[in-house]
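Student: Let me give you the structure first, and then I'll get to my questions.
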Amino acid sequence: AHGFYLDCPDSSYSQCESGSATGSGFYVAGANNRIVGCKAWYSDEHGFEIRTVRNQFAACESQDNEKHGFWIGSGPNSLVGCHADSNSWNSAAPVSSYDGFHIAYGNRIQMIGCSAYDKNEGGRGSWQRHGFFIGGSAEHCQILGTVKDNAGSGVGGTGDQNASNLLMITG
């Protein structure tokens, strides 16, 4: 079960929290929503699973989820000031398979002022694979963000080589 299953369009969600969901913390299937100040933590899947278009996310955080912090499979969508903190975490089988921000596919996705990092809490190791992953079919994306202490590189995927994408990722 997802913490929040957002299937309706044209809505606003503010200061919602999902902890320890057996699915994704926030499963977004409705279009044209505003999601502000929300947090997903310890979900068995993704923190935020974004499956539809024209959504806006501001100051949202995904922390210690088993899969990607933010899985984005559609665009246009905008994320501003969002944090992916120490995702890809499974204490029973720690492996660096998942990213902070993962654009599977999709076009016209903006991530401005977003940060992806692994805090290595309690010396458990850094397991979040890449800070940002851009799939090969992702086009016309704009990412301005920072990375720190991810298990792999700050940026992964073949979409980082696509000339239509603008990437400024430091760390």
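The values are calculated or read from the model by the stated rules, or taken from the named source; none is laboratory data. Not measured: the values here are computed from a predicted model. Here Cβ is always computed from backbone atoms with ideal geometry, including for glycine, and neighbour counts include all displayed protein chains. SASA here: full protein model, heavy atoms, side chains in, ligands and nucleic acids out. Shrake-Rupley method; radii C 1.70, N 1.55, O 1.52, S 1.80 Å.
Student: Looking at Ser78 and the list (1) touching a residue at least 60 places away in the same chain (Cβ under 8 Å); (2) part of a strand (DSSP E or B), which single condition is not satisfied?
Tutor: Going through the list (1) touching a residue at least 60 places away in the same chain (Cβ under 8 Å); (2) part of a strand (DSSP E or B), Ser78 breaks only (1).
Student: When the residues of region 97-129 are filtered to those that are closer than 14 Å to His46 by Cα and among the small types (Gly, Ala, Ser), which remaining residue is least open to solvent (accessible area, probe 1.4 Å)?
Tutor: Here the answer is Gly100.
Student: Further, regarding this structure: Scan region 51-64 and report the pairs whose first residue is under 17 Å from Asn87 (Cα atoms) and whose second residue is open to solvent by 20 Å² or more (accessible area, probe 1.4 Å) and of a type in the set (Phe, Trp, Tyr), with Cβ atoms within less than 6 Å and a gap of 6+ or a chain change.
Tutor: Matching pairs, first to second residue: Gln63/Trp41; Asp64/Trp41; Asp64/Tyr42; Asp64/Trp89.
Student: For region 130-139, which positions are surrounded by 15 or more Cβ atoms within 10 Å (Cβ to Cβ) and either hydroxyl-bearing (Ser, Thr, Tyr) or in contact with a Leu (Cβ under 9 Å, 6 or more places away or on another chain) (or both)?
Tutor: Hits for region 130-139 are Phe132, Ile134.
Student: Could I ask something else about it? With (1) at pLDDT 95 or above; (2) of a type outside the set (A, V, I, L, M, F, W, C); (3) open to solvent by 20 Å² or more (accessible area, probe 1.4 Å) as the list, and Ser91 as the residue in question, which single condition is left unmet?
Tutor: That leaves (1) as the condition not met.
Student: Name, by its number, the condition in (1) under 22 Å from Leu144 (Cβ atoms); (2) at pLDDT 95 or above; (3) within 15 Å of the chain's Cα centre (by Cα); (4) open to solvent by 20 Å² or more (accessible area, probe 1.4 Å) that does not hold for Arg51.
Tutor: Of (1) under 22 Å from Leu144 (Cβ atoms); (2) at pLDDT 95 or above; (3) within 15 Å of the chain's Cα centre (by Cα); (4) open to solvent by 20 Å² or more (accessible area, probe 1.4 Å), only one is false for Arg51: (1).
Student: Sticking with this one: Among residues belonging to region 152-171 that are out of contact with any helix residue (DSSP H, G or I) (no Cβ under 7 Å at 6 or more places or on another chain), within 17 Å of Gly106 (Cα to Cα) and not in a strand (DSSP E or B), point out the one that is most open to solvent (accessible area, probe 1.4 Å).
Tutor: Gln161
Student: Continuing with the same structure: Looking at region 9-30, I want the residues that are open to solvent by 30 Å² or more (accessible area, probe 1.4 Å) and have a partner that is in a strand (DSSP E or B) with Cβ atoms under 6 Å, at least 6 apart or on another chain. Which pairs are those?
Tutor: Ser12/Arg34; Tyr13/Ile35; Ser14/Val36; Glu17/Lys39; Gly19/Trp41; Tyr27/Tyr5; Tyr27/Glu49
Student: When you go through (1) part of a loop (DSSP other than H, G, I, E, B); (2) modelled with pLDDT of 95 or more; (3) open to solvent by 40 Å² or more (accessible area, probe 1.4 Å) one by one for Asn65, which number turns out not to apply?
Tutor: (3)
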